[in-house]
Structure formats: structure tokens, C-alpha cells
Amino acid sequence: MPADFNGTWEMVSNKNFEELMKTWDIDFATRKIAAHLTQTKVFVQNGDVFQTKTLSTFRNYELNFTVGEEFEEHTKGLDNRVVKTLVKWDGDKLVCVQKGEKENRGWTHWIEGDLLHLEITCQDKVCHQVFKKKP
């Protein structure tokens, strides 16, 4: 049985996010605002089917997917690109590869205790975010 990501998770740390946003060609003003936001992630998981929301006071992003099924993702609200996205299980980790104009793009989610980790990569930059599960 894969990990259970269900729940609401509040950000407790966000390392190297601004550098990552530069690789996505996000403009200066947006980077400055986004780097200081506290995000909340909401996961609704039914087996391999996920409905996710990333919420903040500045911008929200929804991503719905089925593990193992590639789909076209429009990163509207992020960097406004179209990528081919595939999420797979690697043990208890969710590993996403996004194919498009940027190399080495994707993310990995995993849980340790009541903490949700998110490592986001693009080109040679890595951002590590940590979220704590709300009771």
C-alpha cells in the first residue's frame, strides 16, 4: 500500500525557491512576492488518484493526476508552460517528471512522520519545501 498523503499541510520551510523560480523565467516582482508566501497543500487521495491544491494569498494551483498515467499539464499560475507530466511511485515517494522546454524538471513528495517534504527541480536548481500536517 502506498503512502497516505490525504490531509491539509501547512508550510514550515521553503529553501531555494527564488533560485528555482529564476529557472522558470518568473519575473522579479513575482519572485519577490512568491518567495515570502506561506503555502498550504491539500491532498485528496483515493489509491493512485490524486486531487491536489496549493493555496496561498497570492495564487492557487490545482493539479489532479493518476499515478502512472502521463498527461498534459498547463502550469498556469506558475510559469505558464505546457509540459508532459508523469507521476510514479518510488516506494512511498511520489516522483514527477515534467517534459518540456526546461531540462531536469519535476518534483518528489514524501512523508516523514507528520511532515510532508517536497523537492522541486529544474535545470540545476533544487528547492526543498517542508509542510506540517494539520490535525
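Highest mean packing comes first when the peptides 64-75, 35-46 are listed by Cβ atoms within 10 Å, giving 35-46, 64-75.
The 3J(HN,Hα) values that the Karplus relation (6.51, -1.76, 1.60; θ = phi - 60°) gives for region 106-123 are, in residue order, x, 7, 9, 10, 8, 10, 10, x, 9, 10, 9, 9, 9, 10, 10, 10, 7, 6 Hz. Gly and Pro appear as x. Scanning residues 5 or more positions from residue 123 or on other chains, those with amide H under 5 Å from its amide H are 103, 104, 105, with H placed 1.01 Å from N in the peptide plane.
Shown for the chain is the translational diffusion coefficient from the Stokes-Einstein equation, using the Kirkwood radius over Cα pairs, a temperature of 25 °C and a viscosity of 0.890 mPa s: 162 µm²/s. Per residue, the chain exposes an accessible area of 56 Å² to a 1.4 Å probe, with every protein chain left in place. Shown here are the Rg and Dmax of the Cα trace of region 1-80, at 14.0, 43 Å.
In whole percent, and with a 1.4 Å probe on the protein chains, what portion of the accessible area of the chain is carbon and sulfur?
Working: 3740 of 7560 Å².
So the carbon and sulfur contribution to the accessible surface is 50 percent.
The values are calculated or read from the model by the stated rules, or taken from the named source; none is laboratory data. If you're wondering where the values come from, they're calculated on a predicted model, not measured in any experiment. For neighbour counting, all protein chains shown are included, and Cβ atoms are generated from backbone atoms with ideal geometry for every residue, glycine included. These area figures cover heavy atoms from the full protein model, side chains too; ligands, DNA and RNA do not enter into them. Shrake-Rupley method; radii C 1.70, N 1.55, O 1.52, S 1.80 Å.
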